[in-house]
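The values are calculated or read from the model by the stated rules, or taken from the named source; none is laboratory data. Keep in mind that this is a model prediction, so the values were computed, not measured. Positions of Cβ are generated from backbone atoms using ideal geometry, with glycine treated the same way; all protein chains shown enter the neighbour counts.
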Amino acid sequence: MATHELDLLLVNPGARKQVYGNLGSSLSGIEPPLWCGLIAGFVRERGFSVMIIDAEAECWTPEYTAEKIAEYNPLLTAIIVLGANPSASSTPKMTATGEILTALKKKAPDTKTILGGLHPSALPERTLREEHVDFVGRGEGFHTIAQLLEALKLGKEPGSYKIPGLWYLQNGKIISSPPAPLVNPDELPIAAWDLLPMDKYRAHNWHCFEHPDRRQPYAVIFTSLGCPYNCHYCNIHALYDGKPGIRFRSPEKVVDEIDFLVKSYKIRNLKVLDELFALREDHVIRICDLIIERDYDLNIWCYARVDTVTEIMLKKMKQAGINWVCYGFESASEAVRKAVGKETQQDTTKKAIEMTRAAGIHILGNFIFGLPEDNLETMQATLDMAKEFNFEYANFYTAMAYPGSRLYDEALRQGIRLPEKWHGYSQYSEESIPLSTKYVSATEVLRFRDKAFREYFSNPKYLEMIRQKFGPQVVKHVEEMLKHEIHRKPA
């Protein structure tokens, strides 16, 4: 049996050009693959040797990534198909992932491989049948990968495996196991930051509007895993046990890791990765108090819902250095929101915006065009709402039927056209194909989204607000941003 100096090689597949098009060059953030870091820390604690390749941050091609994997010659290569915006980032990375696996099969056919992350968890059988991969780890992956390493070290044959969350093919037949138990977040060690190219990561352009030249260094942190809500366009539950739920990490452990990042890497820009950070008031306030005590100079952003924030929570968040809050407004139409399980009221939205502004926190508004009940009028109302509130930044997305979401299941049932290639699920790629609605075609949705982006960011009211808050250099940056045209192939 071949000997391996390295037990586990974790890979974050690179797909920046496919996923972001020309935007990947300067505007997009480059986020650390936290999930790779967490699995590395978990496995290393159990005595295995581990390394990480961040092909995305390094801008490596799939072929070069495969060459590097072959050079390492690990016992097991785990490609984790999960970006730092889990629900939207996993599926678009599958094209590059498939190309890495195909190249690796030619270069080092005996290398054992496992795919983990959201997309493989949502479609384990299809992934096994379509990709040149030995195993799929369904779910979080911590216990599955650690137990698979043990089995491989002992030279066990796959037929004898009884590993939770592990799927593989045997004589053309799918062998599957029930999911592994969900981890207690406090049992996880801090991420293996020492294995990541920390000098490569940078914050999003808007995150640093106050200091556009200070986008580095940058890191991400988690304070909870999961989400208690069940929006139809989101697929996050496929990574866990398929059901809504949330597990909190102790505030002390969160702030210990922030402390480590500040002292070891001089981190100032920080993203809270949680699907929903501003949920439980006591948890948020305790984390903020611990940060305030340490008197860090942090620039943090996080996700929130308009119906979970409170005045005291927002004030405390601002004191702790949370300068940006991202709200998923999705649509201005209550009927459109309700049809996808987002039951938020207009007056609640207005109140949350007022409270956030009163606390001195900037708002990043997320909007989705092309939800099932959308038509041109409701999409226009959504754009009008964004322009009326004049948020410091806005993301305009198109509705995508990501595998693992209710929208995906409904699209399959109704025979709605879906992208032919996985990177067609990216918001910014040339081959992007959003969902068509009952009233609007995919092409119209995409055209409306791109028009909305240009209209919002070239609005004189918006540019004047930006000039007053952040200065003329940021206005210039926004005007430069508008010159990056997204090339689209006809949907």
Report those helices (runs of 4 or more DSSP H) wholly inside segment 436-491 carrying at least 2 residues which are of a type in the set (A, V, I, L, M) and surrounded by 18 or more Cβ atoms within 10 Å (Cβ to Cβ). 442-457, 472-481
The residue that is nearest to the chain's Cα centre (by Cα), considering only those in segment 106-142 that are closer than 23 Å to ARG44 by Cβ and acidic (Asp, Glu), is GLU140
Given LYS342, LYS387, which one is touching a Phe, Trp or Tyr at 6+ places or on another chain (Cβ under 9 Å), modelled with pLDDT under 95 and within 26 Å of LYS451 (Cβ to Cβ)? LYS342
State all residues of segment 417-430 that are touching a His at 6+ places or on another chain (Cβ under 7 Å) and either buried (at least 21 other Cβ atoms within 10 Å of the Cβ) or under 17 Å from ILE368 (Cβ atoms) (or both); if no residue qualifies, say none. SER429
Of all residues in segment 65-104, count the ones that are of a type outside the set (A, V, I, L, M, F, W, C) and modelled with pLDDT of 95 or more. 12
Which of the residues belonging to segment 310-329 are buried (at least 18 other Cβ atoms within 10 Å of the Cβ), polar (S, T, N, Q) and not in a strand (DSSP E or B)? none
Here are some conditions: (1) under 23 Å from the mean Cα position of the chain (by Cα); (2) surrounded by 23 or more Cβ atoms within 10 Å (Cβ to Cβ). ILE361 meets all but one. Which one does it not meet? (2)
Between GLU125, GLU210, which is surrounded by fewer than 21 Cβ atoms within 10 Å (Cβ to Cβ) and within 29 Å of ILE258 (Cα to Cα)? GLU210
Matching option when the condition is at pLDDT 95 or above and either closer than 26 Å to GLU257 by Cα or among the charged types (D, E, K, R) (or both), among ASN323, ASN375: ASN323
For SER432, work out the one condition from (1) closer than 30 Å to PRO124 by Cα; (2) assigned to a helix (DSSP H, G or I); (3) among the hydroxyl-bearing types (Ser, Thr, Tyr) it doesn't fulfil. (2)
Of all residues making up segment 94-133, the number that are touching a helix residue (DSSP H, G or I) at 6+ places or on another chain (Cβ under 7 Å) and outside any strand (DSSP E or B): 20
Any chance you could count how many residues in segment 455-480 are of a type in the set (A, V, I, L, M, F, W, C) and out of contact with any helix residue (DSSP H, G or I) (no Cβ under 7 Å at 6 or more places or on another chain)? 2
Looking only at segment 82-99, count every residue that is in contact (Cβ under 8 Å) with a residue 40 or more places away in the chain and either within 11 Å of ALA70 (Cα to Cα) or charged (D, E, K, R) (or both) and tell me the total. 1
Spot the failing condition for THR144; the list is (1) in contact with a helix residue (DSSP H, G or I) (Cβ under 8 Å, 6 or more places away or on another chain); (2) surrounded by 15 or more Cβ atoms within 10 Å (Cβ to Cβ); (3) among the β-branched types (Val, Ile, Thr), and only one is missed. (1)
Only one of GLU464, GLU485 is of a type outside the set (S, T, N, Q) and modelled with pLDDT under 95, namely GLU485
Given the conditions (1) in contact with a strand residue (DSSP E or B) (Cβ under 7 Å, 6 or more places away or on another chain); (2) crowded, with 20+ Cβ neighbours inside 10 Å, and given that PRO197 satisfies all but one, which numbered condition is not satisfied? (2)
Restricting attention to segment 27-42, report how many residues are in a helix (DSSP H, G or I) and not aliphatic (A, V, I, L, M). 5
